[in-house]
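**Student:** Before I ask anything, let me first share the structure, which is written out below as structure tokens.
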Amino acid sequence: MSEEKDHSEQLTATEPIAPDGLSVNPRAVCSVCTRLYRDPKILPCLHTFCLDCIKQLEPFSVAAGRHRDGPEQEGRDGEVTKEARKEKRVNVTVLCPDCDSEVDLPPSGPVGLSTDHLALDEVFLETLVSNGPLGCDLCGESRAESRCEVCCVNLCEFCFQAHRRQTRTASHPIQQLQDLKSRGRLCRPVLCAVHPGQELRLFCQPCDLPVCLECATTLHSEHRCCPTHEVIGCQRDRIRTLVTVRLRPHLQRLEQTLQKVEVSQKALQTRVEATANEMRAFARGYASAVEAHCLALLRRLDELHLQCRNQLHLQKAQLQQALSDVRDGVDFADRLLSCGSDAEILSAKGVTLRRLSSLAEGSCDDQLAALVPDDGSGIRFDPQGMAGELSGYPVVGVIHFKALDPNKCTIEGEGLQQASEGQQAHFTLVCRDSAGDQMAHGGDPVLVSIVHRERKHCAVESTLVDNNDGSYKVSYRPDEAGTYSVWVCVKAQHVKGSPFVLNVTKKLRHHTGMFHCCSFCSSGGAKEARCGCPGTMPGGFQGCGHSHKGHPGKPHWSCCGSTTEKSECLPACVIKAVSAGKHLRTVAL
């Protein structure tokens, strides 16, 4: 009978799931193999799987232990006895494929797990509904019309009569398949696994297991066994109380918490999407601002290009014109000298010399040597420079143009306007760019020329010191007094105000001798009187009007040959040598 049961369950389990495309009851399908249950077993976590599927699970952990009903015994030498070693068991732990919980298998292995009879009922009903007409499980030829609830086989009419005629199966309850199909629920007895054909009608309280009548008289003869209907009420109440009092409230809290998590997930997704949209909008706006800033930089670069190109064009035009003028003058002079007669040379001599002199005076080799065309090396792009904000977005990247502009250069110091004969003087040239900012480096071509305005060949040598910060110190020492022209050129171009007018004054000679009023007075006012220096009294004389002892009140002058103005006699007989309104020396007699 057990072979018929195994054969029937094997045929049922090997049926494909929903071959006609109909939906399958999920309670009849194993989640591991995705087929109808084959000998379904319940894990301690209350998830059901096929016995073969459980056997194929890899052990999560394996530990040696002893059976809980067999206490360990020790011998005299402290070793475990042979009986105790027999009670040793291996505890195998596997992970549930559904909940990933660690569950312990019974010592007998997966076979010792409880059978899920509800799953078997679902499998039979699914087979009955989805597969349509069923064949007989015994003869395999005729259409099945009934089912033995004890043997769990489908029977045709002929096999049904034979099943009834056999002594062992005559008392088995048999249900019509049509009644089972219309009822939608399979009600069949649960049979004992140890005694096939025996229904589990008793409950062993010490073992806490349902047993059949033969198990109660043999294996559980010393245990208190009572009918299942007497204990089912208490057991149902225990399960119902545990579910109602503790698990259902916990289930509701879990559902509420899960709902909050799901709401938070939706809110998170909404917030992330909104933030992503803000970031995309920011990126688009920032990209637009960067593009606009790039266009502005390109326009600025075009302006600088045009400025430098115009300057080069102007320099080129000036040089071409100067070259043409000099070439024409030289060609005319060469032709006049080589081809002209004496009369022709003399006739054109005046205008030729004037033109050649003008060209010679206008030419300056130093200026040409200092001419350095601007090749745009001062244009520099700084990608890290802050460029302010554009449309509310901060942008970076600026163009620096430190091209020197002679019109913006400035000169500092009094040495550019006035100086004294034979004394050191200086002034400072500060080179600036087109924005008026001081250049940050030196090395610019600077030309300084100081020439006497009346005597062209009288020039003052100057010294130029590069401070390497855009400033240059110019020092000079004039040897003669007079008016000078000061040329200050940068890149062969005059700075603003150049050429400048420099006034060099004559050096004052201070009186170094003694003034002896008494020498003049004792001489009776003679112009040729000798001073104690000695020195001759120069010029005329005039009475001072003072009279005192030893002083006749006669006029007198300063002596020692100094270029001084007239001195006057004081009541204390003190002479002041005066020159250009300043007292040079005072001597008390």
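**Student:** Only strands (runs of 3 or more DSSP E) wholly contained in the range 327-436 count here; list those with 2 or more residues that are touching a helix residue (DSSP H, G or I) at 6+ places or on another chain (Cβ under 7 Å) and of a type in the set (Phe, Trp, Tyr).
**Tutor:** On the way: elements: 379-390, 393-401, 410-412, 418-420, 425-430.
In the range 327-436, the matching strands (runs of 3 or more DSSP E) lie at 393-401.
**Student:** Residue 480 is checked against (1) assigned to a loop (DSSP other than H, G, I, E, B); (2) within 24 Å of residue 318 (Cβ to Cβ) and fails just one. What number does that condition carry?
**Tutor:** Going through the list (1) assigned to a loop (DSSP other than H, G, I, E, B); (2) within 24 Å of residue 318 (Cβ to Cβ), residue 480 breaks only (2).
Per-residue answers, yes or no, for (1) over 27 Å from residue 123 (Cβ atoms); (2) open to solvent by 80 Å² or more (accessible area, probe 1.4 Å); (3) in contact (Cβ under 8 Å) with a residue 60 or more places away in the chain:
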position	(1), (2), (3)
190	no, no, yes
210	no, no, no
256	yes, yes, no
266	yes, yes, no
275	yes, no, no
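**Student:** Counting only residues that are within 22 Å of residue 322 (Cα to Cα) and not β-branched (Val, Ile, Thr), which one in the range 492-508 is farthest from the chain's Cα centre (by Cα)?
**Tutor:** Filtering the range 492-508 down to residues within 22 Å of residue 322 (Cα to Cα) leaves 492-495, 498-499.
Next cut, not β-branched (Val, Ile, Thr) only: 492-494, 498-499.
On the way: 492: 48, 493: 47, 494: 49, 498: 52, 499: 55 Å.
The selected residue is 499.
**Student:** Take residue 438 and decide whether it is within 36 Å of the chain's Cα centre (by Cα) and open to solvent by 40 Å² or more (accessible area, probe 1.4 Å). Step through it out loud before you land on a result.
**Tutor:** Working: within 36 Å of the chain's Cα centre (by Cα): yes; open to solvent by 40 Å² or more (accessible area, probe 1.4 Å): yes.
Considered against the rule, which asks whether it is within 36 Å of the chain's Cα centre (by Cα) and open to solvent by 40 Å² or more (accessible area, probe 1.4 Å), residue 438 comes out as yes.
**Student:** Still on this structure, please answer the following. What number of residues within the range 291-325 satisfy the criterion of being within 20 Å of residue 384 (Cα to Cα) and open to solvent by 70 Å² or more (accessible area, probe 1.4 Å)? Please lay out each step first, then the result.
**Tutor:** Step one: list which residues in the range 291-325 are within 20 Å of residue 384 (Cα to Cα), which gives 291-301.
Checking the rest, the ones that are also open to solvent by 70 Å² or more (accessible area, probe 1.4 Å) come to 291, 295, 298-300.
Residues flagged as within 20 Å of residue 384 (Cα to Cα) and open to solvent by 70 Å² or more (accessible area, probe 1.4 Å) within the range 291-325 amount to 5.
**Student:** Residues 182, 288: which one is at pLDDT 90 or above and not in a loop (DSSP other than H, G, I, E, B)? Talk me through it step by step, then tell me what you get.
**Tutor:** Numbers: 182 fails: at pLDDT 90 or above.
Among 182, 288, only 288 is at pLDDT 90 or above and not in a loop (DSSP other than H, G, I, E, B).
**Student:** Give me the residue from the range 483-501 that is in a strand (DSSP E or B) and open to solvent by 10 Å² or more (accessible area, probe 1.4 Å) and, out of that set, modelled with the lowest pLDDT. So that I can check it myself, show each step before the final result.
**Tutor:** Taking the range 483-501 and keeping what is in a strand (DSSP E or B), we get 483-490, 493-494, 500-501.
This time we only want the ones that are open to solvent by 10 Å² or more (accessible area, probe 1.4 Å), so: 483, 485, 487, 493-494, 500-501.
Working: 483: 90, 485: 89, 487: 90, 493: 80, 494: 86, 500: 90, 501: 90.
Among residues in the range 483-501 that are in a strand (DSSP E or B) and open to solvent by 10 Å² or more (accessible area, probe 1.4 Å), the one modelled with the lowest pLDDT is 493.
**Student:** Now for a different question. One residue is enough: does the range 318-333 have a residue meeting the conditions within 30 Å of residue 380 (Cα to Cα) and out of contact with any Pro (no Cβ under 8 Å at 6 or more places or on another chain)?
**Tutor:** First pass over the range 318-333, keeping only residues within 30 Å of residue 380 (Cα to Cα): 318-319.
Narrowing further to those that are out of contact with any Pro (no Cβ under 8 Å at 6 or more places or on another chain): 318-319.
The answer is yes, given that some residue of the range 318-333 is within 30 Å of residue 380 (Cα to Cα) and out of contact with any Pro (no Cβ under 8 Å at 6 or more places or on another chain).
The values are calculated or read from the model by the stated rules, or taken from the named source; none is laboratory data. Keep in mind that this is a model prediction, so the values were computed, not measured. Every residue, glycine among them, receives a Cβ derived from its backbone with ideal geometry; neighbour counts consider all protein chains shown. We work out accessible area using only protein heavy atoms, side chains counted, and drop any ligands, DNA or RNA first. Shrake-Rupley method; radii C 1.70, N 1.55, O 1.52, S 1.80 Å.
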